[in-house]
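Below: the structure, in structure tokens.
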Amino acid sequence: MKDNIRVMAKSSLLCLTIVMGVLICLITLLFQAQLYRIFPRNYIDNKFKMELLKLGNEAVKSKDIPISSLLVYKDSIIGRGYNTVKKDKKLTGHAEINALNNAFHNLGDEFFSLDKSELKLYSTLEPCPMCKGVLVNQNIYNIYFEMDKSLLKRTKNTLKNLFYEFNKRGIKDENIQDSLINLYHSKNN
């Protein structure tokens with residue numbers, strides 16, 4: 001009888017430990033992107049503010065959600081963007097990605113040689129996970145936004161990320177990616 005009670009107590013303790021660990025992980029994931037709240041908000045240059053308003057109006061005209069973004073290099077605007085999801089029928093038509101694409105279109109390959117520490121992205125809304133991924137991939141870390149995501153939206157994004165991580169799987173394969181990279185190198189050398 002005492003052995004059963006000890007086993008049940010150990011099982012209960014293990015379950016409680018696992019539940020607490022999961023809760024701590026969820027809380028950490030939920031608030032990981034909230035460090036900006038401990039720093040003071042920055043003021044935006046009036047010329048950037050006016051440009052963001054103008055771009056936001058373009059989104060309204062195309063019946064898209066009015067979000068606008070600017071990519072600035074050493075205080076010069078090099079890329080402009082506003083939401084064009086509905087207008088262009090592209091799921092990636094977010095303001096931040098459009099601003100990056102516009103900068104790349106304007107600068108060509110020179111975009112890749114810019115000092116990324118001098119790049120600043122200004123947006124009217126906190127970038128979504130997709131846009132954040134593109135910004136991180138391009139080493140653009142100076143992000144300024146006016147309105148942040150709600151707790152509900154952050155919670156949903158955290159859960160979506162967890163579902164993604166739990167459901168992704170590797171493929172046993174015949175080296176498709178290696179073949180494609182070899183093809184690329186043979187065509188571009």
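The values are calculated or read from the model by the stated rules, or taken from the named source; none is laboratory data. All figures in this text were calculated on a predicted structure; none of them were measured in a lab. Every residue, glycine as well, gets a Cβ built from its backbone with ideal geometry; the counts of neighbours run over all protein chains shown. Remember, those area values only see protein heavy atoms, side chains included, never the ligands or the DNA or RNA. Shrake-Rupley method; radii C 1.70, N 1.55, O 1.52, S 1.80 Å.
For region 90-189, which helices (runs of 4 or more DSSP H) that fit wholly inside it have 1 or more residues that are in contact with a strand residue (DSSP E or B) (Cβ under 7 Å, 6 or more places away or on another chain) and of a type in the set (Gly, Ala, Ser)? Full working, then the answer.
Numbers: elements: 95-107, 129-137, 151-167, 176-187.
Hits in region 90-189: 95-107.
If Glu126 passes every condition in (1) more than 20 Å from the chain's Cα centre (by Cα); (2) modelled with pLDDT under 95 but one, which one does it miss?
It is condition (1) that Glu126 fails.
Could you check region 110-164 and list, in sequence order, the residues that are closer than 11 Å to Leu71 by Cβ and of a type in the set (Val, Ile, Thr)?
Matches in region 110-164: Ile140, Ile143.
Just to be sure I understand, how many residues within region 38-71 are within 15 Å of Pro127 (Cβ to Cβ) and either in a strand (DSSP E or B) or open to solvent by 60 Å² or more (accessible area, probe 1.4 Å) (or both)?
So the count comes out to 5.
Among the residues that make up region 149-169, is at least one of them among the aromatic types (Phe, Trp, Tyr) and closer than 23 Å to Arg41 by Cα? Explain how you work it out, then say what you get.
Let us first name the residues in region 149-169 that are among the aromatic types (Phe, Trp, Tyr), namely 163-164, 166.
Filter again for closer than 23 Å to Arg41 by Cα, leaving none.
No, region 149-169 contains no residue that is among the aromatic types (Phe, Trp, Tyr) and closer than 23 Å to Arg41 by Cα.
Which of the residues that make up region 113-136 are open to solvent by less than 20 Å² (accessible area, probe 1.4 Å) and either in contact with a His (Cβ under 7 Å, 6 or more places away or on another chain) or farther than 19 Å from Ile78 by Cβ (or both)?
If the condition is that a residue be open to solvent by less than 20 Å² (accessible area, probe 1.4 Å) and either in contact with a His (Cβ under 7 Å, 6 or more places away or on another chain) or farther than 19 Å from Ile78 by Cβ (or both), then Cys131 is the only one that fits.
Answer yes if at least one residue in region 132-150 is of a type in the set (Lys, Arg) and under 13 Å from the mean Cα position of the chain (by Cα), and no otherwise. Write out each step before concluding.
Quick first cut of region 132-150, residues of a type in the set (Lys, Arg) only: 132, 149.
Right, trim to under 13 Å from the mean Cα position of the chain (by Cα) and you get 132, 149.
The answer is yes; a qualifying residue exists.
Among (1) touching a residue at least 40 places away in the same chain (Cβ under 8 Å); (2) surrounded by fewer than 18 Cβ atoms within 10 Å (Cβ to Cβ); (3) touching a Gly at 6+ places or on another chain (Cβ under 9 Å), which single condition is Lys86 missing?
It fails just one condition, (1).
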